[in-house]
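Trainee: Below are the structure tokens for one structure; questions will follow.
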Amino acid sequence: MNIFSKVKLLQLTQIKSTALDMIYNSKYLEHLNDSLIDVTKLEDLISEIKLQEFFINCKSILEIIANPKSKELLNEIIQFIQPILIESSSTDIQELVLINNDSKTEQIVKNAVHYDVKRWPQCYKSLSIYPVITDITAKKVILSPNIMEGGYDNIEHYIDVQFRLLREDILAPMREGIQSYKIMSKLNQKCAIKMPNMRIYFEAKITKKYTEKETFLVNFFTKDDCSINSKKFMFESLLVFSDDNFNSMFFATVIKMNRQTSLPIKTIVIQPLGNKPSIKLNSTYTMAESDAYFLPYMYSMEVLKTFDHYNFPMKSYIVYGKTISKVPAYLKYSSKIYNINGSQFDILNDKLWPDNNVLGLDCAQRMAFKAALTEEFTVIQGPPGTGKTYIGLRIAKSIIENMYETNILRKPIVVVCYTNHALDQFLEGLINITKKITRIGGGCKSAVLKSHVLGNINSPTAKLHLNNSYVVGLTTTGAAMRHSLLLELGPPIVIVEEAAEVLESHVVASLTESCQHLILIGDHQQLRPRNASYTLAKRFNFDVSLFERMVKNGFPCYTLATQHRMRPEISALMKPIYPFLMDHKSVKHRSDIGGVTKNIYFIHHTVNEEKEIGSNSHKNIHEVKFFMEFARYLTSQGYRQNQITILVTYRDQLLEFQKIQEASPFLEDFRIECVDGYQGEENDIVLLSLVRSNIDNKIGFLHIQNRVCVALSRARDGLYIMGNMDNLIHSSIWKKISQTLVDQRALGNKLTLHCQIHKDWINTVCNSSDFAKVRCSKVCNVKMDCGHQCPHFCHYCDQSHKNLYCCKKDITKILPCGFKIKIQCWMRFLTFECPL
């Protein structure tokens, strides 16, 4: 029986598979199956603990075993042992399984909490924003789903639904993590060192109390990266402490952390939440930090609690589901005459609007542009590459020029984005229109905006600066945090970029009662908002943005239709998602990717994925090695590293790529990203690693159309994909994509490379090792400036022969003094001193 525990400890999947094949060929499983029947009849021959351990090992091995007959026999053994364990032990067999199976752990814990779906009225006003112990021990939670069709009964009904969903989204992962940990601890297992959805730290010592602010100093040990760029222990991160395996506990938030030290002993300052807990100084606690960042939840809940029937913004549309938009209130009582591209007209008179050529827009852009200027609630969808930011800037430009530079409006436009990157990008585009821009928040990375970033917003100078601005930019988190500032500013116009990526309650928390005009720009067919609880997303529609809910509710959505990013072979993959999408003429005549016969190609393989024990992520080493070699090859064909992005679909795959990158100084400028972090970005060449490959045809979230859409639409000129199409084709979206690839002859198990100079030289690669022989065997023979012919093998880089492949032929140089010296040809123009 010990043999399985030893196989489980092997590091590489391939070695495990080989070992398991050897076990099967030796008839070990057959003999084991037969002997177990007799052996288990004898009392005390096999201890219960040993049998439990063997059972767990069998379950682990079953996940990686490939041989169908071996799987069948192993299943028989598991089914035979399971009733014996149940009969002989008071411990539920499922609890034994969960020790080494995270998905089962989560399922058991989730089943421990019952969601009671009830209609309001409920007392959301009495609910605490902060977690309390009963939230963790609760067996029943009252929730209502986000309404997809029609409206809410009233403001209180809307806030009750959104507040409870927002609160439960931060609580559910904590509850699952803590309850899972308690189950494992009860089993007295040494492996109770993890907590799902939480980062756990043992023997954290609370050493000091600061009486004035009721804060405490905590010291603890960790080898985790807690440097300045780390996401761990950020301001207002949520912590839970316990000294009795979480039978009792208290909650706290992080106030600050000393990030300067590289020592494993870390120090943080915390602030306990709720009623003052009894904290024992110099005692040790088990401390856990929530994976979900508490700060945006906290501030959004605080803002929701301030709303009522009188001050709720845009309630006709957000709450009551109205689908016909009115004219912005500020246009009713002021000038409706706009000057756009030299044409002056009443924007509320449809007949007076200039044609597309005058506006410099296509038909779809014109419709979206017109709606955004004349309707108080506007939804604009921008599929990949269609220029969402461009149309947003055109809208902002027209409003600034006609409403602000004319002093008709004096209170600023607020621009809200989900990410700092998108906010910087949008505000940079406005700099050429007006310098009266203020960027609030510490996440600005733009040198262009540096002088526009406001630090201390409470100073008199800052207030004056804000009041004189035409545009104030914040992230959604920043807007919720500084809601009181927004109330003071009273912005009549709010533009939300990336609106389809933001939780509805976060968008609403960015608004104030002064809002007369709301413009949502995004794409609900790309990434949805990322919430913490999968159950809330699936059962309660919590991952549906305000943007998407409006579209599903029949609200007019103005969709951009012409893409300016992808060459036609790549954009063709978008047709199953956006049948109407057209290619702009600028993308139709681009150069082919050098050194490769295809500009787009899917490299199919059947090499199995790997999964670390205790991880919910996946990796595929075959894809990692292949793409790193392919990336090297592309640089040899004249491409810069920053022209190439490697995209992955799983975090463990990202980590594998980064290991190789860190060990290779010549690969440091390649950008390697997870798909979810790359929406809104693009590059010339994208190498997409799909990771999933298994005998069970499991593809995880690769069946989700929104994520597939983002993954396939980031490349401008070249897209190369690796994955197991046999697995993927069971998904409806991939079946359509596969057919498009087949039609383009862009699907196969080998990628064909060719020499850019000697067109008749070709080679194929399907493994990373194949790249070692990928080199044109012909001699360069190019006549260099010196008149000599290049003797080297064919090389695409340094075609000018000025650097690496300069002429090294020995020649004689006569110095001015008449002395002759032997030099290499490339040195002929250098100055030499006479050696005599």
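The values are calculated or read from the model by the stated rules, or taken from the named source; none is laboratory data. Keep in mind it's a predicted model, so treat the numbers as computed, not measured. Every residue, glycine as well, gets a Cβ built from its backbone with ideal geometry; the counts of neighbours run over all protein chains shown. These area figures cover heavy atoms from the full protein model, side chains too; ligands, DNA and RNA do not enter into them. Shrake-Rupley method; radii C 1.70, N 1.55, O 1.52, S 1.80 Å.
Trainee: Ignoring any ligand, DNA or RNA, what whole percent of the accessible area of the chain comes from carbon and sulfur when the probe is 1.4 angstrom?
Mentor: Solvent-exposed carbon and sulfur of the chain make up 51 percent of the total.
Trainee: Still on this model: Would you mind getting me the FRET efficiency between Q637 and T461? Use the beta-carbon distance for r and R0 = 56 Å, nearest 0.05.
Mentor: For Q637 and T461, the calculated efficiency is 0.55.
Trainee: Another one. Can you compute 3J(HN,Hα) from phi for each residue in the stretch 280-291, using the Karplus curve 6.51 cos²θ - 1.76 cosθ + 1.60 with θ = phi - 60°, rounded to whole Hz and x for Gly and Pro?
Mentor: Result, ordered by residue: 9, 5, 6, 9, 9, 10, 8, 10, 10, 10, 5, 5 Hz.
Trainee: Another question, then. Please give me the summed charge of the neighbours of N727: other residues whose Cβ is under 9 Å from its Cβ, Lys and Arg +1, Asp and Glu -1. The partial results should precede the final answer.
Mentor: Working: positive: R692, K698; negative: D696, D726.
Result for the local shell: 0.
Trainee: While we're looking at this one, here's another question. In terms of the Cα gyration tensor, with a ≥ b ≥ c the square roots of its eigenvalues, is the stretch 312-436 rounded because a/c is under 1.5, prolate because a/b exceeds b/c, or oblate?
Mentor: Rounded, since a/c falls under 1.5.
Trainee: Follow-up. Which of the peptides 388-396, 692-700 is most tightly packed, and how do the rest follow, going by the mean number of other Cβ atoms within 10 Å of each residue?
Mentor: 388-396, 692-700
Trainee: Gap in Å between the Cα centre of the stretch 582-596 and the Cα centre of the stretch 354-376?
Mentor: Value for the Cα centre distance between the two parts: 28 Å.
Trainee: Also, quick follow-up: Rounded, prolate or oblate, given the Cα gyration tensor of the chain, with a/c below 1.5 counting as rounded?
Mentor: Taking the square roots of the gyration eigenvalues as a ≥ b ≥ c, the chain is oblate.
Trainee: Related question: Of all DSSP beta bridges located in the chain, what percent are antiparallel, nearest 5?
Mentor: 45 percent
Trainee: Is it possible to state the helix-based mean residue ellipticity at 222 nm for the chain, with each DSSP H run of 4+ residues giving -39500 (n - 2.57), the sum divided by total residues, to the nearest 500 deg cm²/dmol? What is it?
Mentor: Value at 222 nm, helices only, nearest 500: -10000 deg cm²/dmol.
Trainee: Among 209-219, 602-612, 750-760, 523-533, what's the highest-first ranking by average C-beta atoms within 10 angstrom per residue?
Mentor: Taking the mean over residues of other Cβ atoms within 10 Å, the ranking is 523-533, 602-612, 750-760, 209-219.
Trainee: If you don't mind, there's one more thing I want to ask. Which value, in Å², gives the accessible area per residue of the chain when a 1.4 Å probe is used on the protein heavy atoms?
Mentor: For the chain, the per-residue accessible area is 46 Å².
Trainee: For labels at M827 and N468 in the simple 7 Å Cα→Cβ model, what's the distance in nm?
Mentor: About 6.4 nm, to one decimal.
Trainee: Just grab the label-to-label distance for K802 and K186, each label 7 Å out from Cα along the Cβ direction, in nm (one decimal).
Mentor: 7.5 nm
Trainee: Over the chain, what relative contact order in percent results from Cα pairs under 8 Å that are six or more residues apart?
Mentor: 9 percent
Trainee: Please report how far the C-alpha centroid of the stretch 256-315 lies from that of the stretch 626-651, rounded to the nearest whole angstrom.
Mentor: Cα centroid of the stretch 256-315 versus Cα centroid of the stretch 626-651: 40 Å apart.
Trainee: I would also like to ask the following. Hey, can you grab everything whose amide H is under 5 Å from the amide H of Y152? Only 5+ residues off in sequence or another chain; H modelled, so Pro and N-termini drop out.
Mentor: Amide H neighbours of Y152: Y320, G321.
Trainee: Additional query: Remind me, relative contact order of the stretch 190-325 in percent, using alpha carbon pairs under 8 angstrom and six or more residues apart?
Mentor: Across the stretch 190-325, relative contact order equals 29 percent.
Trainee: What relative contact order, as a whole-number percentage, does the stretch 709-836 give when Cα pairs under 8 Å and 6 or more residues apart are counted?
Mentor: Once normalised by length, the contact order is 10 percent.
Trainee: Then there is this: As an exercise, use a Förster radius of 25 Å and the Cβ-Cβ distance of N247 and L62 to find the FRET efficiency, rounded to the nearest 0.05. Mind showing how you got there, number by number?
Mentor: Details: r = 34 Å, r/R0 = 1.38.
Efficiency for this residue pair is about 0.15.
Trainee: Answer rounded, prolate or oblate for the stretch 171-248, using the Cα gyration tensor with square roots of eigenvalues a ≥ b ≥ c: rounded when a/c is under 1.5, else prolate when a/b is larger than b/c, else oblate. Intermediate results must be reported in sequence, preceding the final value.
Mentor: On the way: a/c = 1.79, a/b = 1.47, b/c = 1.21.
Prolate, since a/c reaches 1.5 and a/b exceeds b/c.
Trainee: Rounded to the nearest 0.05, what FRET efficiency do H788 and S586 have when you use their Cβ-Cβ distance and R0 = 56 Å?
Mentor: The computed FRET efficiency comes out at 0.85.
Trainee: Next question. For L815, what is the net charge nearby, where nearby means another residue's Cβ is under 15 Å from its Cβ and Lys, Arg count +1, Asp, Glu -1? Numbers along the way, then the final one.
Mentor: On the way: positive: K813, K820, K822, R828; negative: E833.
Neighbour charge sum, excluding L815 itself: +3.
Trainee: Taking 0.36 nm per residue of separation and subtracting the Cα-Cα distance, what length does fully extending D696 through E405 add?
Mentor: Stretched fully, the D696-E405 segment lengthens by 98.5 nm.
Trainee: Here is a further query. Place a point 7 Å from Cα of V132 in the direction of its Cβ. Which residues in the stretch 220-239 have their backbone N less than 19 Å from it?
Mentor: Under cut-off, by backbone N: 239.
Trainee: Now for a different question. Arrange the peptides 245-256, 342-353 so that the one whose residues have, on average, the most other Cβ atoms within 10 Å appears first.
Mentor: Highest to lowest by the protection proxy: 245-256, 342-353.
Trainee: A further question follows. Roughly speaking, what is the stretch gain from F666 to R530, that is 0.36 nm per residue apart minus the C-alpha to C-alpha distance, in nm to one decimal?
Mentor: Stretched fully, the F666-R530 segment lengthens by 45.5 nm.
Trainee: Write down the Å³ per residue value for the convex hull defined by the alpha carbon atoms of the stretch 461-568. Walk me through the intermediate numbers first.
Mentor: Values: hull volume 17.0 nm³, N = 108.
For the stretch 461-568, the hull spanned by Cα atoms encloses 157 Å³ per residue.
Trainee: How large is ³J(HN,Hα), in whole Hz, for each residue of the stretch 712-724 in order, when computed from phi with the Karplus curve 6.51 cos²θ - 1.76 cosθ + 1.60 and θ = phi - 60°, using x for Gly and Pro?
Mentor: Using θ = phi - 60°, the values come out as 8, 10, 8, 8, 8, 10, x, 10, 10, 10, 10, x, 9 Hz.
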